[in-house]
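The values are calculated or read from the model by the stated rules, or taken from the named source; none is laboratory data. Fair warning: this is a prediction, and the values are worked out from it, not measured in the lab. Using ideal geometry, Cβ is built from the backbone for each residue, glycine included, and neighbour counts are taken over all protein chains shown. Surface areas here come from the heavy atoms of the whole protein model, side chains and all, with no ligands, DNA or RNA. Shrake-Rupley method; radii C 1.70, N 1.55, O 1.52, S 1.80 Å.
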Amino acid sequence: MADGLLNIVLGVAASAVSAALGWLAQTLRRRRRLDRAREFFGMAEGTECLLVVPRHAKLPDGAAVALQDAYALMELAALIKECGAHASILSHERVRQGIGTKAEVCLGGPSVNSRMAAHLAWRFPGLRIAEWTGPGSPMTISAGEQSFSRVPDEAEYAVLARIPGTDSRRPVFLICGQTPVSNQAAVRFLLGNRRRLMREYGAGKPFCLVVKAVNTPVYGPDVVELAGDLTRAAVTAPAGQRPAAAPDPDPAAASSG
């Protein structure tokens, strides 16, 4: 009887130890994943992330935001909260600061977001994004020999790019879709494929990708896939083009340096 009771006690103790070790291992894995995400996005715990909002392309009110862009901002806000950072949301017209002291996500095409236009001209001078000219407009995204044109009811494209931070500063992520739906699809791609992007680009490499949202009238922003990598062509200015000047550093960064 004593031996049987001892075996039961030892079995319970062993199970408790195994459960505790398993819980600890899972906690450490989650912690490592979170630390890698914070490094990749530049969102250390307690820091601030700037979300730059475009204007609505079809409404005269400069404060109006497309519904899908609002959804994209909500999904980005959830990521920021997960990293333990804080979101600061500003219209593109109200942002008057350099880059580097805080992470930034800039949303919308250059025709509806002046800050996006400045970022693209500075770091991705080889990238071209045609403006909307009316229903059925292809709004072609191109760099080098690759181009991606919108086909209504079949395919919409978005640029997903990163300007890496320098000197331990924070990166800028660019979400530049042909439509608000493709903006949200690019955010979905970024969040759903962040481990893959972390492995490929780490925290310090720039990238300029194009993602494809498939049949958005049916699938919305949910079916999205990688369409191309334009990084090499996008970072190279066309022959004879003078590179855009880098933005002034953030005054807060200068005073703290």
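Annotations for the structure displayed:
- 13 Å beta-carbon shell around F124, net charge (K/R +1, D/E -1): +3
- Formal net charge of residues neighbouring Q68 (Cβ-Cβ distance under 13 Å; K, R +1; D, E -1): -2
- Protein heavy-atom surface of region 75-170, 1.4 angstrom probe: 47% of the accessible area is carbon and sulfur, with nucleic acids and ligands not counted.
- Among 187-199, 115-127, 97-109, the peptide with the highest mean count of other Cβ atoms within 10 Å heads the list, and the full ranking is 97-109, 115-127, 187-199.
- In sequence order, calculated HN-Hα J values of region 104-112 (Karplus, 6.51, -1.76, 1.60; Hz; x Gly/Pro): 9, 10, 10, 10, x, x, x, 6, 10
- Heavy-atom accessible surface of region 80-140, averaged per residue, reaches 46 Å², computed with a 1.4 Å probe.
- For A155, nonlocal amide neighbours, meaning residues 5 or more places apart or on other chains whose placed amide H falls under 5 Å from its own, are N215.
- Computed from label points 7 Å out along Cα-Cβ, the spacing between S91 and A44 is 3.3 nm.
- The local environment of V181, defined by Cβ-Cβ distances under 14 Å, has a net charge of -2 under the rule Lys, Arg +1 and Asp, Glu -1.
- Accessible-area composition of region 176-238, carbon plus sulfur, in percent [1.4 Å probe]: 50
- Karplus 3J(HN,Hα) series, Hz, for region 146-153 with 6.51 cos²θ - 1.76 cosθ + 1.60 (x for Gly, Pro): 9, 8, 9, 10, 5, 10, x, 6
- Under the simplified labelling scheme, the S149-V214 pair shows an inter-label distance of 2.2 nm, with each label point 7 Å from Cα along Cα→Cβ.
- With 0.36 nm allotted per residue and the present C-alpha distance subtracted, the Y201-A57 stretch has 48.6 nm of extension available.
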